[in-house]
Amino acid sequence: MIELKNYVYTFSKDNKPIAFAKEGEEVIFHTLDCFCQQIRSEDDKIEELDFSKANPATGPLYIEGARPGDVLAVEILDVEVAKSGVMATFKGLGALHKNCETRTKILKVEDGQIYFNDISFPAVPMIGVIGCAGDGEPVQTSDSFSGGGNMDSRIITKGVTVYLPVRVPGALLAMGDVHAAMGDGEVCETGVEIDATIRVKTRIIRDFDLRWPITETDDFWFVNTTGKNCDVAIQYGYEEMQRLIMNAYGWDATDACMYLSAQARLESNQACLNPHEKDEEGDTFRVGVPKLKSKPPIIPEG
Ligand code: CA
Ligand code: CA
């Protein structure tokens, strides 16, 4: 079994692969929390962190045979988390920063429950950062782009398949930033940040035009998009889902629009509402449609 323990801080065509895997081969990614283990107590000060070590992604993994123009399907077989996680609020960041202090909280995670103050709630481990390298300038693992990255979708969890556009030979897959739990929006900029072990296997879909990452659940397809603000991210998501529906169902743009208007889901991944100038740094959304037995899948099986 291939096990990966090296980290990168960019999605870049210039990152050297640390391992090579075949399609269908199971691979384990050992991941660090988004603070790169710099916070181990509630006294550790956020202000003193080295933010050049934010959001480490484990990898990159070279998938043999993956070529630009393909799509990499990454089946999430399991996500196991450590026994404690970290939440933090930051001065000046997030939609509620005006009435929040800077604070660090260490949360115990045990038997599938997360202990918060005088309550507990279920752990639902999800992968915040997952992507393949782009063919342009490097993208920070703290950012999100059309190749994936810091999408922070709480539904990227055990049992789903994530489809990522391949832009460089071998795809160069990396992932990290697991949360034991995260709410839609991740309003204070952190979920329950935690070390984890992720087990995946991959499949290559040849020559398919995919422009943003997709998450496939038991019942739905979701496209994940990022924009400098919510409006921009949502617009990209609607447009890509419309295009995929037209392609798979043989409908024109207007019918695809009407269908989305009747059946789409629109959910936030990360929506902290900070002002941003670049799309990569902004908010992320997912636009979903139900899987239909009477129609082909919106991404071919490969
Ligand atoms: Ca994140
Ligand atoms: Ca995070």
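The values are calculated or read from the model by the stated rules, or taken from the named source; none is laboratory data. Since we're looking at a predicted model, the values are computed, not measured. Counting neighbours? That spans all protein chains shown, and the Cβs are built from the backbone with ideal geometry, glycine included. Each accessible area value is taken on the protein alone, full model and side chains, heavy atoms only, with ligands, DNA and RNA left out. Shrake-Rupley method; radii C 1.70, N 1.55, O 1.52, S 1.80 Å.
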- [ ] Inspect the stretch 141-164 for any residue being in contact with a helix residue (DSSP H, G or I) (Cβ under 7 Å, 6 or more places away or on another chain) and among the β-branched types (Val, Ile, Thr) and give the result as yes or no.
- [x] no
Task: Residues (of a type in the set (Gly, Ala, Ser) and either within 16 Å of ligand 2 (Cβ to nearest atom) or under 18 Å from Asp177 (Cα atoms) (or both)) located in the stretch 96-133 - done: Ala123, Gly128, Gly131, Ala133
Open item on the list: Here is a list: Asp78, Asp14, Asp70, Asp33. Which entry is buried (at least 17 other Cβ atoms within 10 Å of the Cβ), among the charged types (D, E, K, R) and more than 16 Å from ligand 2 (Cβ to nearest atom)?
Closed with: Asp70
Open item on the list: So Glu216 ticks every box in (1) open to solvent by 50 Å² or more (accessible area, probe 1.4 Å); (2) of a type in the set (Asp, Glu); (3) away from ligand 1 (no atom under 16 Å from the Cβ) but one. Which box is left unticked?
Closed with: (1)
Open item on the list: I'm told Asp50 meets every condition in (1) within 18 Å of Asp195 (Cβ to Cβ); (2) loosely packed, with under 15 Cβ neighbours inside 10 Å; (3) in contact (Cβ under 8 Å) with a residue 40 or more places away in the chain except one. Can you identify the failing condition by its number?
Closed with: (3)
Task: Selected residue (criterion: nearest to Asp177 (Cα to Cα)) from residues of the stretch 17-30 that are of a type in the set (Gly, Ala, Ser) and either open to solvent by 60 Å² or more (accessible area, probe 1.4 Å) or in contact with a Ser or Thr (Cβ under 8 Å, 6 or more places away or on another chain) (or both) - done: Ala21
Task: Positions within the stretch 163-210 being out of contact with any Cys (no Cβ under 9 Å at 6 or more places or on another chain), open to solvent by 30 Å² or more (accessible area, probe 1.4 Å) and away from ligand 1 (no atom under 16 Å from the Cβ), in sequence order - done: Pro169, Thr197, Arg199, Lys201, Arg203, Arg206, Asp207, Asp209
- [ ] Take the stretch 275-302 and flag every residue that is open to solvent by 20 Å² or more (accessible area, probe 1.4 Å) and polar (S, T, N, Q).
- [x] Ser294
TODO: Would you please name the residue that is farthest from ligand 1 (Cβ to nearest atom), looking only at residues in the stretch 123-144 that are under 11 Å from the mean Cα position of the chain (by Cα) and surrounded by fewer than 24 Cβ atoms within 10 Å (Cβ to Cβ)?
DONE: Asp143
Task: Residues that are part of a loop (DSSP other than H, G, I, E, B), out of contact with any strand residue (DSSP E or B) (no Cβ under 9 Å at 6 or more places or on another chain) and not charged (D, E, K, R), drawn from the stretch 218-255 - done: Gly250, Trp251
